[in-house]
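Since the structure comes first, as structure tokens, the remarks are kept for the end.
The values are calculated or read from the model by the stated rules, or taken from the named source; none is laboratory data. Because the structure is predicted, anything quoted here is derived from the model rather than measured. Backbone-built Cβ (ideal geometry, glycine too); neighbour counts: all protein chains shown. Each accessible area value is taken on the protein alone, full model and side chains, heavy atoms only, with ligands, DNA and RNA left out. Shrake-Rupley method; radii C 1.70, N 1.55, O 1.52, S 1.80 Å.
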Amino acid sequence: MANHEVNTGRRRFLTTTTAVVGAIGAGFAAVPFVTSFKPSARAQTAGAPVTVNISKIDNEPGMRIIQQWRGKPVWVFKRTPEQLAALKTLDGNLRDPKSDNVDQTPAFAKNEARTIKGKENIAVIVGICTHLGCSPSYVPEMLPQPFDAEWKGGFYCPCHQSRFDLAGRVYQGVPAPSNLEIPPYHYSDDSTIVIGVAPEGAV
């Protein structure tokens, strides 16, 4: 009887000890696993807002700055009054002229120029075709082109012939299903754009 009591107590002790040690071991094993879900410093930096000095394009319409943001090329360029006027004539040729697809156009840029109100001459557009992720060519000249005899300036993807106007709006009858993306951005001053943060108060 005594031996039975001793063995039972010992068994309980060993069971409890094993469970505690196992729990501690599982805790240590879980640390690197959980840590692996945290973004790396490089990833955090890649997702951070970036600034663009636009002073060099302010006097040079047609010049384009390409800035990387979240691994995407963002195009920043200035449009002439003639190019802005041409945007108004293209609605009948476009798939989504009013930028109704909210995935590509934030509310603050839901206008013809797809920009912050009052800053229509400066475009900020993600340069990735919405068809298969190619980077379209920048063709700002308002001249007939082999791919469009009535070209009013914009972007042409030679991979699959998708076309976009100078506001990044997609033409009808091309493989690309939607307009080019407009990233969140705002002006920190007249010469500096911050890509990655929408204007204060914007939805």
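If you take the residues of the range 71-130 that are open to solvent by 60 Å² or more (accessible area, probe 1.4 Å) and β-branched (Val, Ile, Thr), which of them is farthest from PRO175 (Cα to Cα)?
By that ranking, first place goes to THR89.
Which fully enclosed strands (runs of 3 or more DSSP E) of the range 103-190 have 1 or more residues being at pLDDT 95 or above and among the aliphatic types (A, V, I, L, M)?
122-126, 137-139
Looking for whichever is at pLDDT 80 or above, over 20 Å from the mean Cα position of the chain (by Cα) and part of a helix (DSSP H, G or I) here; the options are LEU14, LEU84. Which one fits?
Within the list LEU14, LEU84, the selection yields LEU84.
Listed residues ASP96, ASP100; which is among the acidic types (Asp, Glu), part of a loop (DSSP other than H, G, I, E, B) and in contact with a strand residue (DSSP E or B) (Cβ under 9 Å, 6 or more places away or on another chain)?
Every option except ASP96 fails the conditions.
One line per residue, one yes/no per condition, for (1) crowded, with 21+ Cβ neighbours inside 10 Å; (2) farther than 14 Å from PHE77 by Cβ; (3) touching a Ser or Thr at 6+ places or on another chain (Cβ under 7 Å); (4) polar (S, T, N, Q):
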| site | (1), (2), (3), (4) |
| --- | --- |
| CYS134 | no, yes, no, no |
| GLN145 | no, yes, no, yes |
| GLY154 | yes, no, no, no |
| LEU166 | yes, no, no, no |
| ILE182 | yes, no, yes, no |
| SER191 | no, yes, yes, yes |
| ALA202 | no, yes, no, no |
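Which pairs turn up if I take residues in the range 126-144 that are without any contact (Cβ under 8 Å) to a residue 60 or more places away in the chain and look for partners that are part of a strand (DSSP E or B) and among the charged types (D, E, K, R) with beta carbon separation below 7 Å, at least 6 apart in sequence or on another chain?
VAL126/LYS72; ILE128/LYS72
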